[in-house]
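Written out below as structure tokens is the structure these notes cover.
Since every read-out is calculated from the coordinates, none of them should be taken as a lab result. Just so it is clear, the structure is predicted and the values come from calculations on it, not from any experiment. Ideal geometry is used to build each Cβ from the backbone, glycine not excepted, and the neighbour counts take in all protein chains shown.
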Amino acid sequence: MIKKVLTVAGSDSTGGAGIQADLKTFQEYGTFGFSAITSVMTMDPDQNWSHEVTSFSPELVAKQLKSIFTGGPLAAVKTGLLGDVGTIEVVKDYLEKYQMPNVVIDPVIASKGTQDLFQSENVMAIKKNLLPLATIMTPNLVEAAILAEMPPLENLAEMKIAAEKIYQLGPKNVIVKGGHRLGGEKALDVFFDGRNFEILENPLFKTDFNHGAGCTFAAAITAGLAKELSVFEAVVLAKDFVAAAIQEGLEINQYLGHVWHGAYNQAQNRMTSKNNQPSIN
Ligand code: PXL
């Protein structure tokens, strides 16, 4: 059976992050993607590529969710950029009403080049409404410090404390992503399930083409959960998926480069005339 998965997130027109990353990743995992768009992120080359978020109304998000959930609950859901408090509350209502399993909350309150993502009322609303419903929360280093109300995290010990503090807010699992921000030779992540810590170590790739890595990682976990992996299995596979995507990142313009969501499956080789075998005659 094909698993249905949902992303509630912002649009990144350039195709690397947000809704676009999520849907591409869902497809790579062989799941069927639904999407509710909360906002549109745009970047302006005339303003040194400064980012702007234009939010949709909570009512419009609710209308999309109504359309989506008419067929009943889905196998998994991911939230990303949510835009405003009203939208966060609408999302909570739907997650509760349909008793959604496999809820992945990517906080998206701190990201490269996007100061305006951080709004304290949104952070409070995410903490209050969404963390208690989360199967897993996926903050980066900066987001983890904000959620845990700690000064900037600088080492593994502090990441563990932050993971524990975030766990206390309600999610069943937490992964704090060290990524490139921690420095050092490796990308280190701390996973905490309320009892045990797992430290995930991955090579740190020297690339500037990694826009969309965070969204892609959370979307990959979501699709993995939909396909009935355990939370930790889903995280480990998502790490491999996103590592491949970063390794084969592509330049988009003079300002940025994106992860290649199809890298893990070498999707660029699909549908070439040589390989193409029609399944129905
Ligand atoms: O990576 C955070 C992020 C999330 N969602 C959208 C984005 C971005 C970063 O640019 O555009 C829509």
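In table form, for the structure just shown:
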| read-out | value |
| --- | --- |
| Antiparallel %, DSSP beta bridges [both residues in the chain], to 5 | 50 |
| Diffusion coefficient, µm² s⁻¹, Stokes-Einstein with Kirkwood Rh over alpha-carbon pairs of region 72-223 at 20 °C and 1.002 mPa s | 137 |
| Inter-label distance, nm, simple model (7 Å from Cα along the C-beta direction), LYS97/LYS128 | 2.1 |
| Normalised contact order of region 1-123, rounded percent, pairs of Cα under 8 Å and 6 or more residues apart | 26 |
| Of all DSSP beta bridges in region 86-232, antiparallel share, percent nearest 5 | 75 |
| Region 174-281 - percent relative contact order, Cα under 8 Å, separation 6 or more | 19 |
| Relative contact order of the chain, pairs being alpha-carbon contacts under 8 Å that are 6 or more residues apart, as % | 17 |
| Top of GLN266, GLN119, GLN254 by mean-square fluctuation, Gaussian network on the chain, Cα under 10 Å | GLN254 |
| Residue range of the chain that is longest and free of GluC sites (Glu not before Pro) which are both DSSP loop and sparsely packed (at most 12 other C-beta within 10 Å) | 1-148 |
| Long-range Cα-Cα pairs in the chain (distance over 32 Å), rounded percent | 19 |
| The chain: calculated mean residue ellipticity at 222 nm from DSSP helix runs of at least 4, using -39500 (n - 2.57) | -10500 deg cm²/dmol |
| FRET efficiency for GLU149 and THR272, using Cβ-Cβ distance with R0 set to 45 Å, rounded to 0.05 | 0.30 |
| Max mean-square fluctuation residue, GNM over the chain, Cα-Cα springs under 10 Å, options ILE19, ILE146, ILE105 | ILE146 |
| Extreme residue, positive dipole direction of the chain, given options VAL90, ASN155, HIS211 (C-beta unit charges) | VAL90 |
| Chymotrypsin sites (Phe, Trp or Tyr not before Pro) restricted to DSSP loop in region 77-170 with at most 13 other C-beta within 10 Å | none |
| GNM flexibility winner over the chain from MET159, MET137, MET271 (Cα, springs under 10 Å) | MET271 |
